[in-house]
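Presented below is the structure to which this report refers.
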Amino acid sequence: YTELLLADIPADHPHHADLLEIRKAAERAANLTRQLLAFASKQTILPRTLDLNAAVGDLLNMLRRLISEKIELDWRPAPDLPAVRLDPTQLDQVLANLCVNASDAIARHGKIILETKRICLEEADCVGRPDRRPGTFAMLSVTDTGCGMTTETLSRIFEPFFTTKVVGEGTGLGLPCVYGIVQQNNGFIEVESRLGRGTAFHIYLPSYSEA
């Protein structure tokens, strides 16, 4: 139906840009649905070599529509980021879940920071951290200035169906899906949180040359 409307509305019409955004959102939703169905039936994903900065930058408008208007979305891309191998629709899903959770954790005004960094881990950096391994990674961080989490909540956030939201407002599947996607792409995820100080999710994706 959006295509039909676009065929009748000239490019200089005030609603033309809005219709393009609706079409993009519908296409993105269809892609996410296909990806979830593929994941559930254990079908092969479609990873591509990605410039993570460019891929995240393309999602900023969509992410701003998902969070509260009172929350600032601060994008801080690193200039020397290595390429990664990832299915783009999985990146959509990861960022949508993390940004919506971050928005929910901020009571009123606040900030969500999206940041990338090039990280090189040595053997010594992995001691006592079983999820880590040496190598070069593109790290994608999502940090919020929200309420933070207790130690007990933090220990359970990746459990399927665990949620601190009221009944009907959360499925408890968002963060487990994020965890599964990161694992599926040979990465790992670390979380820091303090009550009253906010939460930071750090996602480490191996550089394509080491994937």
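The values are calculated or read from the model by the stated rules, or taken from the named source; none is laboratory data. It should be emphasised that the depicted structure is a prediction, and the values quoted were computed from it without experimental measurement. Ideal geometry is used to build each Cβ from the backbone, glycine not excepted, and the neighbour counts take in all protein chains shown. SASA here: full protein model, heavy atoms, side chains in, ligands and nucleic acids out. Shrake-Rupley method; radii C 1.70, N 1.55, O 1.52, S 1.80 Å.
Pairing the Cα long axis of helix 88-105 with the longest principal axis of the chain, what angle in degrees results, from 0 to 90 and rounded to the nearest 10?
80 degrees
For GLU21 and GLU3 in the same chain, what is the full-extension length gain: residue separation times 0.36 nm, less their Cα-Cα distance, in nm? Please report the intermediate quantities before stating the final value.
Details: separation 18, 0.36 × 18 = 6.48 nm, distance 1.17 nm.
Value of the extension gain: 5.3 nm.
Per DSSP H run of n ≥ 4, the term is -39500 (n - 2.57); total these for the chain, divide by its residue number, and report the mean residue ellipticity at 222 nm rounded to 500 deg cm²/dmol.
-12000 deg cm²/dmol
Using a 1.4 Å probe on the protein chains only, how many percent of the accessible area of the chain belongs to carbon and sulfur?
Numbers: 6570 of 12340 Å².
Carbon-and-sulfur percentage of accessible area, whole number: 53.
Which ³J(HN,Hα) values in Hz, rounded to whole numbers, follow from the phi angles of region 117-125 under the Karplus curve 6.51 cos²θ - 1.76 cosθ + 1.60, where θ = phi - 60° and Gly and Pro get x?
Those phi angles translate into 8, 8, 10, 10, 9, 9, 4, 5, 6 Hz.
Skipping prolines and chain starts, which residues have an amide H placed within reach, meaning under 5 Å, of the one on LYS111, given they are 5 or more residues away or on another chain?
Result for LYS111 returns GLU72, THR145.
Just in region 47-78: which trypsin sites (Lys or Arg not before Pro) are loop by DSSP and have at most 16 other Cβ atoms within 10 Å?
Numbers: sites: ARG48, ARG64, ARG65, LYS70; in loops: LYS70.
Here the trypsin sites (Lys or Arg not before Pro) that fit, given the DSSP loop and packing criteria, are LYS70.
Using amide H atoms built 1.01 Å from N in the peptide plane, name the residues 5+ places from ASP87, or on other chains, whose amide H lies under 5 Å from its own.
ARG48
Taking a quarter of the surface of the Cα convex hull of the chain, what do you get in nm²?
Numbers: hull surface 56.4 nm².
Directional mean of the projected Cα hull area for the chain stands at 14.1 nm².
Straight-line reach only, C-alpha to C-alpha below 12 angstrom: list the aspartates and glutamates that LYS165 could link to, leaving out same-chain residues fewer than 8 apart.
Leaving aside aspartates and glutamates fewer than 8 places away in the same chain, those within reach of LYS165 are ASP104.
Can you order the peptides 149-161, 119-131 by their average number of other Cβ atoms within 10 Å per residue, highest first? Please list the in-between numbers first.
Numbers: 149-161: 13.3, 119-131: 11.0.
Packing order, densest peptide first, comes out as 149-161, 119-131.
Just want to confirm a number: the relative contact order over the chain, from Cα pairs under 8 angstrom separated by 6+ residues, in percent. Write out the running numbers ahead of the final one.
On the way: 335 pairs, mean separation 39.8, N = 211.
Once divided by the residue count of the chain, the mean separation gives 19 percent.
With a 1.4 Å probe and every protein chain left in place, work out the accessible area per residue of the chain in Å², rounded to a whole number. Don't jump to the answer; show the numbers that get you there.
Working: 12340 Å² over 211 residues.
So the chain comes to 58 Å² accessible per residue, rounded to a whole number.
Each residue of region 197-203 in order: what ³J(HN,Hα) in whole Hz does its phi give by Karplus 6.51 cos²θ - 1.76 cosθ + 1.60, θ = phi - 60°, with x for Gly and Pro?
Computed from phi, the couplings for region 197-203 are 10, x, 9, 10, 9, 10, 9 Hz.
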